[in-house]
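Here is the structure we will look at.
The values are calculated or read from the model by the stated rules, or taken from the named source; none is laboratory data. Just so it is clear, the structure is predicted and the values come from calculations on it, not from any experiment. Every residue, glycine among them, receives a Cβ derived from its backbone with ideal geometry; neighbour counts consider all protein chains shown.
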Amino acid sequence: MKTGAKILVEGLQREGVETIFGYPGGVVLPIYDELYDSSLRHILVRHEQAAAHAADGFARASGRVGVCLATSGPGACNLVTGIATAYMDSVPIVAITGQVPTSLLGNDAFQESDITGITLPITKHNYLVKRTEDLGRVLQEAFYIAGTGRKGPVLVDIPKDVSMRSIEYDYAASEPVTLRGYQPTLRGHAKQIDKALEMIIEAEQPVIYAGGGIIASDASEELVRLAETLVIPVTTTLMGLGAIPCDHPLNLGMLGMHGTRSANYAVTESDLLIAIGARFDDRVTGKLDSFASHARIIHIDIDPAEIGKNKKVDVPIVGDVRSVLQDMLAKLQKKKSYDRWLARIRGWKEKHPLQYVSDNCLRPQYVVEELSSLLNGEGIIVSEVGQNQMWTAQYFCFRKPRTWITSGGLGTMGYGFPAAIGAHFACPDQTVFDIAGDGSFQMNIQELSTVASNNIPVKVAILNNRFLGMVRQWQELFHNRRYSFTELPPVDFVKVANAYGVDGIKVESCEEVVPALKAAIETDGPFVLDFRVEREENVFPMVPAGAAINEMIGGKQE
Amino acid sequence: MKPHTLSVLVENKAGVLSRVTGLFSRRGYNIESLAVGICEEPGMSRITIVCIGDDAGIEQVMKQLNKLIDVIKVSDLTDNERVERELALIKVTAEPGTSRAEVMQLATIFRAQIIDVAAKTIILSITGDTEKIDAFEKLLRQYGVKELVRTGRIAMLRGSKVLKGGK
Ligand SMILES: Cc1ncc(C[n+]2csc(CCOP(=O)(O)OP(=O)(O)O)c2C)c(N)n1
Ligand SMILES: [Mg+2]
């Protein structure tokens with residue numbers, strides 16, 4: 001006989017889980033009792049939001065399903081932002097929540113909240129488990145659903161009596177999961193692939209627009225091979241950074257609101273756009289009517305609902321992008337030279353490199369560039385949200401997939417630090433940096449206690465501008481410099497870190513940057529770097545809201 | 001923009017209906033009519049939804065519905081030959097005497113059934129397409145409709161074609 005709690009913990013281990021992130025409470029006491037002498041590692045966070053983000057960071061860095069655990073009511077509600085973040089970026093996590101006993105369900109019992117109702121629009125699927133007999137199967141389904149097709153978060157809500165009751169159960173003897181309502185299409189349609197290949201031969205000015213789907217399906221190798229074989233330039237979304245090495249000659253960098261001019265010009269002028277694992281997000285397309293308006297469009301995606309959602313597509317291919325790209329590569333016969341197009345693109349790249357003023361001021365871009373050259377393509381970079389995120393996307397040279405972790409779809413401030421903790425457990429040998437803003441870091445700053453007590457060697461590099469910088473930038477540019485509630489008081493982050501038992505250095509000049517970064521990298525444990533950067537630096541170039549993506553402002557040599 | 005009749009085959013599980021209807025409101029669509037019930041397949045239910053929208057919007061809603069794990073199949077019946085039915089129960093004032101006789105006569109014409117008779121009211125049951133029920137209700141209004149209950153619309157393809165599971 002096994003309790004529901006034991007079935008759960010054993011089930012997690014059967015699914016290959018080694019580490020979970022959680023926070024205890026009343027209705028999960030039976031589960032925590034089971035964890036007490038289990039070999040499953042549990043990391044106690046200091047806020048449930050951090051547990052969800054850590055599970056998410058773990059999943060993005062490893063490609064496996066991340067797991068978090070929280071109690072009912074307030075605990076479950078604290079997971080919500082983290083679940084929504086994972087949902088928007090299609091990250092596979094399983095969130096386990098305790099619930100009041102089944103006899104009290106719907107009673108407004110103490111610490112009851114309808115978490116399956118609350119998370120309905122932000123989960124791929126969710127379950128309220130009413131019988132201990134169902135728990136094992138539900139858990140299997142949860143992992144299967146989270147980690148297949150278009151990945152995403154699944155929540156499993158377990159009432160206290162369900163985890164306490166004992167039944168006969170053998171996880172190993174259970175049947176493999178089959179769901180008649182869930183059968184993702186993995187192989188691309190052969191005829192559609194042929195059509196796409198024909199279109200590529202017909203094109204004169206093709207561009208590949210690669211998104212997070214490349215990373216999610218581990219298709220970077222295939223992407224680079226396709227681009228190199230056909231000699232077609234590639235631009236990636238924020239989520240797609242790392243899919244092709246930043247310094248690859250065919251890489252145009254990121255497109256969209258803070259993309260490179262060359263990427264945005266190339267997409268605007270293209271006559272064929274090959275969208276792979278991307279979803280035509282408004283931060284990418286700008287004014288939709290002008291986006292790639294001369295181009296025919298091939299769209300490869302695992303999710304049929306993304307195809308044709310924002311933009312009419314000429315050749316839709318539903319399938320796992322890796323499998324589709326493999327099929328395309330196998331079928332490639334003809335090739336064509338796009339030399340004139342490539343020469344034009346080279347011209348744009350030379351004329352419009354990303355640039356910032358390099359002087360004696362401590363510029364945030366400089367910090368990112370120096371970190372990039374010190375790590376030289378190694379390590380995992382996580383970011384917060386705001387200017388810090390965009391500067392990292394622009395100035396850090398990503399060479400490999402799953403080395404860049406950021407909240408793209410939801411843009412969740414406070415994501416980076418806990419996600420970095422998760423990334424560490426996925427890749428314990430890698431140096432993990434959270435490039436932070438002073439505002440964002442303060443949204444989950446309590447996790448300093450988690451990294452201190454577990455000696456988790458995550459480094460935090462705060463680009464401290466004493467502003468909610470990205471919002472301030474918009475106020476400067478579009479609201480007459482009326483800085484309404486975006487200035488933050490100075491915080492001595494080193495002192496805060498020290499109070500939690502974490503080392504840190506404050507950096508106020510350019511010369512100190514490299515030694516400080518080196519000190520952080522060489523430290524075995526966690527480390528906080530407080531870079532007092534130029535306060536009113538802006539992220540350029542930029543596409544103003546509602547403009548076409550080739551109508552960029554700033555970042556140009558005048 | 002026109003009314004679309006969607007037939008959605010789902011797992012017969014708790015919470016399925018709110019997953020399905022929630023999707024419509026979240027994406028900005030109003031459900032005009034909704035009917036749910038078990039169907040020929042054990043463990044499944046069929047939901048018939050009438051919803052107004054343009055073709056692209058409805059296509060997006062259908063794709064999103066298909067993504068729900070508990071949804072087995074979604075079909076748009078709008079451009080197909082089909083039969084549609086609704087049921088209405090109408091409690092109408094029908095005092096013994098002329099008005100009762102007239103109401104009963106109307107019921108015969110519309111092939112409605114009298115399913116309850118009280119001192120001053122009767123309850124009529126009528127099935128048909130939306131237009132027929134609308135017309136019947138309009139005619140009864142002069143006698144005094146005390147209460148009206150209508151089911152949602154249900155629909156089925158004409159001929160031997162069936163809407164089976166398997167996405
Ligand atoms: C949770 C949350 N609240 C509000 C916002 C809106 N927002 C976007 S960027 C930003 C400023 C971020 O400030 P900081 O972390 O200091 O980064 P900076 O832009 O200064 O680098 C804000 C408030 C958000 N993205 N997330
Ligand atoms: Mg800031």
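Return yes when A:G73 is within 12 Å of another protein chain (Cβ to nearest Cβ) and not aromatic (F, W, Y) and no when it is not. No.
Against the criterion of being part of a helix (DSSP H, G or I) and within 11 Å of ligand 1 (Cβ to nearest atom), A:S453 does not qualify. Among the conditions (1) closer than 30 Å to A:V313 by Cα; (2) among the small types (G, A, S); (3) not in a strand (DSSP E or B), B:S18 misses just one, which is (1).
Looking only at residues in segment A:408-427 that are within 16 Å of ligand 2 (Cβ to nearest atom) and surrounded by 24 or more Cβ atoms within 10 Å (Cβ to Cβ), the one that is nearest to the other protein chains (Cβ to nearest Cβ) is A:T412. Summed over segment A:197-216, residues that are crowded, with 24+ Cβ neighbours inside 10 Å and among the polar types (S, T, N, Q) total 0. Restricting the search to strands (runs of 3 or more DSSP E) fully inside segment B:44-159 and requiring at least 3 residues that are away from chain A (no Cβ under 14 Å) and closer than 17 Å to B:V8 by Cβ gives B:44-53, B:154-157.
Counting only helices (runs of 4 or more DSSP H) wholly contained in segment A:207-282, the ones carrying 3 or more residues that are over 22 Å from A:K151 (Cβ atoms) occupy A:220-230, A:261-269.
What do you reckon, is A:R225 more than 21 Å from the chain's Cα centre (by Cα) and closer than 30 Å to A:E141 by Cα? Considered against the rule, which asks whether it is more than 21 Å from the chain's Cα centre (by Cα) and closer than 30 Å to A:E141 by Cα, A:R225 comes out as no. The set of residues in segment A:170-195 being in contact (Cβ under 8 Å) with a residue 24 or more places away in the chain, within 14 Å of chain B (Cβ to nearest Cβ) and within 24 Å of A:Q326 (Cβ to Cβ) consists of A:Y182, A:P184, A:T185, A:L186.
Of the set (1) modelled with pLDDT under 95; (2) outside any loop (DSSP other than H, G, I, E, B), all apply to A:E141 but (1). Being more than 12 Å from ligand 2 (Cβ to nearest atom) and surrounded by 18 or more Cβ atoms within 10 Å (Cβ to Cβ): is that true of A:N538 here? Criteria met by A:N538. In segment B:29-43, the residue that is surrounded by the fewest Cβ atoms within 10 Å (Cβ to Cβ) out of those that are assigned to a loop (DSSP other than H, G, I, E, B) and more than 13 Å from chain A (Cβ to nearest Cβ) is B:E40. Pairs are defined by a Cβ separation below 7 Å, a sequence spacing of at least 6 or placement on different chains, a first member in segment A:440-457 that is on the phi > 0 side of the Ramachandran plot, and a second member that is at pLDDT 95 or above and surrounded by fewer than 21 Cβ atoms within 10 Å (Cβ to Cβ); the pairs so defined are A:N455/A:G525. Residues of segment A:456-470 that are more than 10 Å from ligand 2 (Cβ to nearest atom) and part of a loop (DSSP other than H, G, I, E, B): A:I456, A:P457.
Among the residues examined, B:T48 qualifies as touching a Lys or Arg at 6+ places or on another chain (Cβ under 9 Å), among the polar types (S, T, N, Q) and either under 22 Å from A:N126 (Cβ atoms) or at pLDDT 95 or above (or both).
Does A:Y356 meet the test of being within 16 Å of ligand 1 (Cβ to nearest atom), surrounded by 16 or more Cβ atoms within 10 Å (Cβ to Cβ) and assigned to a loop (DSSP other than H, G, I, E, B)? Taking the combined requirement at face value, the residue satisfies it. Put simply, of A:I193, A:I244, A:I201, A:I232 the only residue that is among the β-branched types (V, I, T) and touching an Asp or Glu at 6+ places or on another chain (Cβ under 7 Å) is A:I193.
When A:Q446, A:Q473, A:Q430, A:Q394 are checked against the criterion of being more than 14 Å from every other protein chain (Cβ to nearest Cβ), outside any strand (DSSP E or B) and within 15 Å of ligand 2 (Cβ to nearest atom), a single residue qualifies: A:Q473.
Take A:V385 and decide whether it is over 21 Å from A:A263 (Cα atoms), touching a residue at least 60 places away in the same chain (Cβ under 8 Å), within 12 Å of ligand 1 (Cβ to nearest atom) and outside any helix (DSSP H, G or I). The answer is yes for A:V385. All told, A:W404 falls short of being more than 20 Å from A:G437 (Cβ to Cβ), touching a residue at least 40 places away in the same chain (Cβ under 8 Å), away from ligand 1 (no atom under 16 Å from the Cβ) and more than 14 Å from chain B (Cβ to nearest Cβ).
Scanning segment A:193-235 for residues that are in contact with a Gly (Cβ under 9 Å, 6 or more places away or on another chain) and not hydrophobic (A, V, I, L, M, F, W, C) yields a total of 8.
For segment B:94-134, filtering for residues that are within 30 Å of B:V50 (Cβ to Cβ), among the hydrophobic types (A, V, I, L, M, F, W, C) and free of Cβ contacts under 8 Å to residues at least 12 places away in the same chain leaves 2. In the set A:V543, A:V513, only one residue is in the same structural domain as A:V451 (by TED's automatic domain parsing) and either crowded, with 19+ Cβ neighbours inside 10 Å or of a type in the set (V, I, T) (or both); that residue is A:V513. Annotation: of all residues in segment A:476-504 being among the hydroxyl-bearing types (S, T, Y) and within 15 Å of ligand 2 (Cβ to nearest atom), the one that is farthest from the other protein chains (Cβ to nearest Cβ) is A:Y483.
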